[in-house]
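What follows is one structure encoded as structure tokens, with my remarks underneath.
The values are calculated or read from the model by the stated rules, or taken from the named source; none is laboratory data. Note that the structure is predicted; figures quoted are calculated from it, not measured. Glycine gets a Cβ as well: all are built from the backbone with ideal geometry, and neighbour counts include every protein chain shown. When the accessible area is computed, the model is the full protein with side chains, heavy atoms only, and any ligands, DNA or RNA have been set aside. Shrake-Rupley method; radii C 1.70, N 1.55, O 1.52, S 1.80 Å.
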Amino acid sequence: MIRKNPRGDLPQIHPSAFVDPTAILCGKVIVEENVFIGPYAVIRADEVDADGDLAPIVIGAHSNIQDGVVIHSKSGAAVSIGERTSIAHRAIVHGPCTVGHGVFIGFNSVLFDCVVEDGCVVRFNAVVDGCHLPAGFHVPSTVRIGRSTDLATLPKVSVDASEFSEDVARTNNQLVRGYKIIQNEF
């Protein structure tokens, strides 16, 4: 469902993107080319700040927002998802938040008030809250990263983890093409 927010903003969706009919995109959302948005994803850019302003939620080209993902923002803050980034099933990305290019966010993970730079891997059921995660870091499953976390304790992304991330992005890019072909059958 594509709908406007109370302010009247409508999502802008590139014609080459695929948005599952069960997904909800509301308000000032920008979906760039060849993006896959899976079933039951919710992307809402509808809260405004004290002045009535609202930054967009931007989903970068060739990224995928998988089943049940929620992307929202507090008080009109910006959310930016980079290119070739995968946000896996049931993850929550809550702004303010910036996610770089080529990032993998695992199942059920939560991002809030953070920056996750290019090439990072955040595994399943992890939390990144209130911090800046430099490029190429790996957050293991079930780990919580916050303002007081010593980032020197985190490993860099391994070749295997990087290849996994690239494979997920590649697979979902193929899904975009396949679903675009059959979208009139829904």
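So here's what we get for this one:
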{"item": "Taking the chain and dividing mean pair separation by its residue count, relative contact order in percent (alpha carbons under 8 Å, at least six apart)", "result": "14 percent"}
{"item": "Along the chain, longest interval not containing exposed trypsin sites (Lys or Arg not before Pro), exposed being DSSP loop plus at most 15 other Cβ atoms within 10 Å", "result": "8-146"}
{"item": "Where the chain is the region considered: accessible area per residue in Å², 1.4 Å probe", "result": "46 Å²"}
{"item": "Local electrostatic count at Gly8 - Lys and Arg +1, Asp and Glu -1, tallied over other residues with Cβ under 12 Å", "result": "+2"}
{"item": "For q = 0.09, 0.11, 0.12, 0.13 Å⁻¹, Debye-computed log10 I/I(0) when each Cα of the chain counts as one equal scatterer", "result": "-0.29, -0.44, -0.52, -0.61"}
{"item": "Sequence-distant lysines (8 or more away, or on other chains) whose Cα lies within less than 22 Å of Lys28", "result": "Lys4, Lys74"}
{"item": "Full-stretch length increase - Glu163, Asp20 - with 0.36 nm per residue and alpha-carbon distance subtracted", "result": "48.8 nm"}
